[in-house]
Every structure is written in C-alpha cells, then in structure tokens.
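Working notes, beginning with the structure itself.
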Amino acid sequence: MKITVVGAGAVGASCAEYIAIKDFASEVVLLDIKEGYAEGKAMDLMQTASLNGFDTKITGITNDYSKTADSDVCIITSGIPRKPGMTREELIGINAGIVKTVSSSLIQYSPNTIIIVVSNPMDTMTYLVHKSTNLPKNRIIGMGGALDSARFKYRLAEAIGGPISDVDGMVIGGHSDTGMIPLTRLATRNGVPVSEFLSEERLNQVLEDTKVGGATLTKLLGTSAWYAPGAAVSGMVQAIACDTKKVFPCSALLEGEYGFNDICLGVPVILGKNGIEDIIDIKLNDAEIATMKESAKGVKAVNDLL
C-alpha cells in the first residue's frame, strides 16, 4: 500500500505521521513545491520510526509527481490555510487552481488511485476534483465530516464529563461554520441518548461549539489546526487500505441521495478498498432536512464561484 500526501505543511505532515505510526502502509510519499521542505519533514519523521515502532517508509519529494506513481490513495492538503477571521470559503480563489493542478498531476501517474480532499473550502474542492477528472465517484472523497464528528464527540464528552470512548455522534452537511449539522438527536453515550444526560440548552451549546470548532482553533493558533485533521485522514485511509467497511461522514457526490443532485456534501458512507462502498441514506426529521437544505444552498453558492 503506497500513500501520497500532497502538501508537507502541518496538516500534510500530520497525515503522514499518523498513517506511518499505524503501520498499515508500506510507503508514504510526502510532496511539496518548496525545495527540500518535504524531504526535511520526511527525514524528521523517519527518525521517529525506531522510537514509535513503525516500518512504513516515508519519502520526501519536491514537486516530482513521477515519484508518486502507483499510489493507492492520494491525499490533497495543499493550498493556503485559514487565518483568524477568514472563512473556509474565502480560500477558493487560490486553492481551486492548486487543487485542480494537483489532482490532474496525481492521476497522470496513478490512474487507479483514490483521492481524499482536505483543502478548503473542502466540499467545493471535492466537487472540483469530480468535475475536472474522469475518476468514478466512489474514488473521490472529501474529508470534513470525519473531523467535525471527532470535534462533536470531544464537545459531548466534555459536557457530559465522561470518557470520549463512551460517546458516539455524527456531523453531516457542509464543512463550514454555518453548514455543518451535528446530529444531536442521534448522539449517544454507550447506547443511551445524550439527551438523558444533558439539558436542551447544554446540548445546543455543544452543537454551536462544534460548528465553530475550526474557527475557535484558528483564533487560538493563528492558523488552521493540524493534529485532528491528520488523525481524521489517517482513519479514513486505514479503512480503505484495510478494507474495514467502517462508517465515516464524508463529502460525497450526491446523485439523488437525501434529495440532492450534482453537489458534494457530508453524509455517512462506508469506506473500503474501493473508496466509497456505499452512501447511507439515514432518515432525518423535518428540522434536520430543512437544515440540510440550507447547508446545501450554502455549498452550491460557493460552487458557483468556480
């Protein structure tokens, strides 16, 4: 299993690190346009191999896509990150051109690859890869819901005062501060609805804190977060590499599911060796359907900027 990560910044390096530590891939290629940058990150990570007990080979490359040939999974993290006060949507002007060039370069050398898009605005960048390549829809996946759901579970466990391992929850919809939909109605603590432990007011606070999870970190850090995004990607890649059929909320091209067409939006999917093995069309209530429509409207407005 060969994995390529494009973009050796904080998010890309975290992706490479978490994938390597899990030790399911034979090689991770880290590629960047900055001379020597990916090579330096790769060398630094490889010097942790004996300490962290992994045998995955990490290779750094400067802008030579031929070295990514025959990658099973390619991850696109390249582009500019958010700064405090910026929305994900404001990145589209620069990142669209980068993502389009990167995806075509990857496919040139790895025509059978599965692409995971991390660059923001993520739903629109995933849609762009669909529109600018000939890859089948199951092999283009946007990483948003996996990260947002991890942030949701963090906030739920914090509110309940219990361990995160007790908590389960999912975020669907657009990967934006206004578009994401934490499904509080379906969230559980060890199988028991979280509403049994939290008041409606506290649960609504969890919902709002989840939606601005990325912006909160950007304000604190001065740039986008990287640990949780890297971990979310590594979980998705592992599900594909090991064909686990694990369910993740991911940005997928919808063709009738949830009543939407020609849009990439966060929905629960089954991930396996073929990428998206299936889209799970869960039954939403009227309020959730209305929120989903608003989320889709926001994503389509950004798509129109392409």
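Residues that are under 18 Å from the mean Cα position of the chain (by Cα): find the helices (runs of 4 or more DSSP H) completely inside segment 1-111 holding 1 or more of those.
10-22, 92-109
For Ser176, state whether it is modelled with pLDDT of 95 or more, open to solvent by less than 30 Å² (accessible area, probe 1.4 Å) and of a type in the set (Ser, Thr, Tyr).
Here the answer is no, as Ser176 does not meet what is asked.
Within segment 185-202, can one find any residue that is within 25 Å of Thr87 (Cα to Cα) and open to solvent by less than 80 Å² (accessible area, probe 1.4 Å)?
no
Residue-by-condition table, conditions (1) open to solvent by 10 Å² or more (accessible area, probe 1.4 Å); (2) in contact (Cβ under 8 Å) with a residue 60 or more places away in the chain:
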position: Ile240; (1), (2): no, yes
position: Val247; (1), (2): yes, no
position: Ala252; (1), (2): no, yes
position: Glu255; (1), (2): yes, yes
position: Leu265; (1), (2): no, yes
position: Ile270; (1), (2): yes, no
position: Ile289; (1), (2): yes, no
position: Ala301; (1), (2): yes, no
position: Leu306; (1), (2): yes, yes
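If we keep just the residues of segment 282-306 that are more than 21 Å from the chain's Cα centre (by Cα) and of a type in the set (A, V, I, L, M, F, W, C), which is farthest from Tyr127 (Cα to Cα)?
Ala287
Quick grid of which residues meet (1) among the aliphatic types (A, V, I, L, M); (2) open to solvent by 50 Å² or more (accessible area, probe 1.4 Å); (3) closer than 23 Å to Tyr18 by Cα:
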residue	(1), (2), (3)
Ala69	yes, no, yes
Ser78	no, no, yes
Leu91	yes, no, no
Ile98	yes, yes, no
Ser103	no, no, yes
Gln108	no, yes, no
Ser132	no, no, no
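The values are calculated or read from the model by the stated rules, or taken from the named source; none is laboratory data. Since this is a predicted model, take the numbers as computed values, not measurements. Virtual Cβ from ideal backbone geometry, glycine too; neighbours counted across all protein chains shown. With ligands, DNA and RNA removed, areas are computed over all heavy atoms of the protein, side chains included. Shrake-Rupley method; radii C 1.70, N 1.55, O 1.52, S 1.80 Å.
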